[in-house]
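The values are calculated or read from the model by the stated rules, or taken from the named source; none is laboratory data. Here the structure is a predicted model, which is why all the values come from computation and not from measurement. Because the Cβ atoms are built from the backbone with ideal geometry, glycine has one as well, and the counts that use them run over all protein chains shown. These area figures cover heavy atoms from the full protein model, side chains too; ligands, DNA and RNA do not enter into them. Shrake-Rupley method; radii C 1.70, N 1.55, O 1.52, S 1.80 Å.
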Amino acid sequence: MFENRVYNFSAGPSMLPEAVLKKAQAEMLNYNGSGMSVMEMSHRAKVYDEIIKSCEAKLRKLLGIPDNYKVLFLQGGASLQFASIPMNLMKNKADYIITGQFSGNAAKEGKKYGNANVVADLKPENFSRIPTQDELSLSPDADYVHICVNNTIFGTKWNYVLDTGDVPLVADMSSCILSEEIDVTKYGVIYAGAQKNMAPAGLTVVIVREDLLGNARPETPTVMDWKVMAEKESMYNTPSTYPIYVCGLVLDWIESIGGIGELEKINRAKAKLLYDYLDESKLFIPHAAKDSRSLMNVTFRTGDEELDAKFVKEAAAIGLLTLKGHRSVGGMRASIYNAMPIEGVEKLVAFMREFEAKNK
Ligand SMILES: *Cc1c(COP(=O)(O)O)cnc(C)c1O
């Protein structure tokens, strides 16, 4: 690793691959002979058009996005999509499954526009697990079912694809997109704020099946109308030009590793290091149920708040940063997105062992 860089376990914005930062640095003042930075370019310039088009092409290739899906590069974060989803899709009713804070926020937003039916709310269990298919009675007449695939704050993940029959499945993948192989055809809409696994903050990627376009409510702001944004190829107004450029570099980096399949192997190995240790530890208690564990956000605590604080402080002193858990779970959270090298996780586990030995 580059001198003076830390292992940053932040939940987002989070680490970017060092190779990406270096490439961006090298191209900062003069992108590809244009004599200017990507930041300074018109989004209508030919040189920029190539950047956004190739970003989309690379994303389509890596995720295997079929031709009958549109890819939109939007702004406003996943949180704006919480409102865009009902505005574009809800005629009467939608099912929401609440497995954490963000899916709860999505349901709250949905309620402003119609019947956002909460099928299950795992709050009484402090969002420590994902419900099974059998537990859920979905509405056959819903316009869509909304889930959050990876629950960033609680460290849980849907480890199966919910079967919704003919009802479109709408999935927030902000904190797991590009981390493992997925079958896009199982979803009606996939969306993700880019600042966890794709790019710097300011970009939101929406992948939407074509037949779902064209139903936006009349009062939908134009920049939130997926159909308009699809027709204008995300250029109705100025897109988030620099994050889209960096997203392209991140996708090149994934390609250079061997694609998402290879990355998934590394991600599984990284998560296994942490979970195996948590399972044998007598000090640390993992938050997520075994069958619902996230590959990207690993949550744990000692059960003693002072000891947790001591852990976070001592870890920071040796270059393991931002390990404090979200206030709603407490304890610690290690976000180990694509860009976290396995060495960072090894160093964290070694530190946890040492900490446990000293604080029995
Ligand atoms: C971070 C996050 C959000 C919120 O994203 P913003 O871009 O800040 O709106 C929503 N959902 C998930 C799963 C997240 O991880």
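Some observations on this one:
- Unique match (being surrounded by 20 or more Cβ atoms within 10 Å (Cβ to Cβ) and closer than 20 Å to G331 by Cα) among L251, L263, L274: L274
- In the set (1) crowded, with 22+ Cβ neighbours inside 10 Å; (2) of a type in the set (A, V, I, L, M, F, W, C); (3) over 26 Å from F102 (Cα atoms), the condition left unmet by A350 is number (1).
- Members of the range 174-187 that are of a type outside the set (D, E, K, R), in contact with a helix residue (DSSP H, G or I) (Cβ under 9 Å, 6 or more places away or on another chain) and surrounded by fewer than 24 Cβ atoms within 10 Å (Cβ to Cβ): I182, V184
- Whichever residue in the range 10-27 is open to solvent by less than 30 Å² (accessible area, probe 1.4 Å), farther than 17 Å from E255 by Cβ and of a type in the set (A, V, I, L, M, F, W, C) and, among such residues, is nearest to the ligand (Cβ to nearest atom): A11
- Extreme residue, nearest to the ligand (Cβ to nearest atom), among residues of the range 154-173 that are open to solvent by 10 Å² or more (accessible area, probe 1.4 Å) and among the β-branched types (V, I, T): V161
Matching residues to (1) outside the structural domain of K196 (by TED's automatic domain parsing); (2) within 26 Å of E181 (Cα to Cα); (3) among the hydrophobic types (A, V, I, L, M, F, W, C):
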residue	(1), (2), (3)
H43	no, no, no
Y48	no, no, no
A57	no, yes, yes
V119	no, no, yes
Q133	no, yes, no
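- Only listed residue being within 16 Å of the ligand (Cβ to nearest atom) and open to solvent by 10 Å² or more (accessible area, probe 1.4 Å), chosen from K108, K93, K112: K108
- Selection from the range 228-265 of residues that are over 20 Å from S37 (Cα atoms) and acidic (D, E): E231, E233, E255, E262, E264
- Residues (buried (at least 17 other Cβ atoms within 10 Å of the Cβ), of a type in the set (A, V, I, L, M) and within 16 Å of the ligand (Cβ to nearest atom)) located in the range 197-225: M198, A199, L203, V205, V206, I207, M224
- Of the numbered criteria (1) closer than 19 Å to Y191 by Cα; (2) within 16 Å of the ligand (Cβ to nearest atom); (3) of a type outside the set (S, T, Y), the one I130 fails is (1).
- Number of residues in the range 217-247 that are more than 27 Å from C176 (Cβ to Cβ) and of a type in the set (G, A, S): the value is 0.
- Evaluation of H287 against (1) under 20 Å from the mean Cα position of the chain (by Cα); (2) within 30 Å of C247 (Cα to Cα); (3) in contact (Cβ under 8 Å) with a residue 40 or more places away in the chain; (4) open to solvent by 10 Å² or more (accessible area, probe 1.4 Å) (one fails), failing number: (2)
- Subset of the range 290-311 [assigned to a helix (DSSP H, G or I) and open to solvent by less than 40 Å² (accessible area, probe 1.4 Å)]: S292, L307, D308, F311
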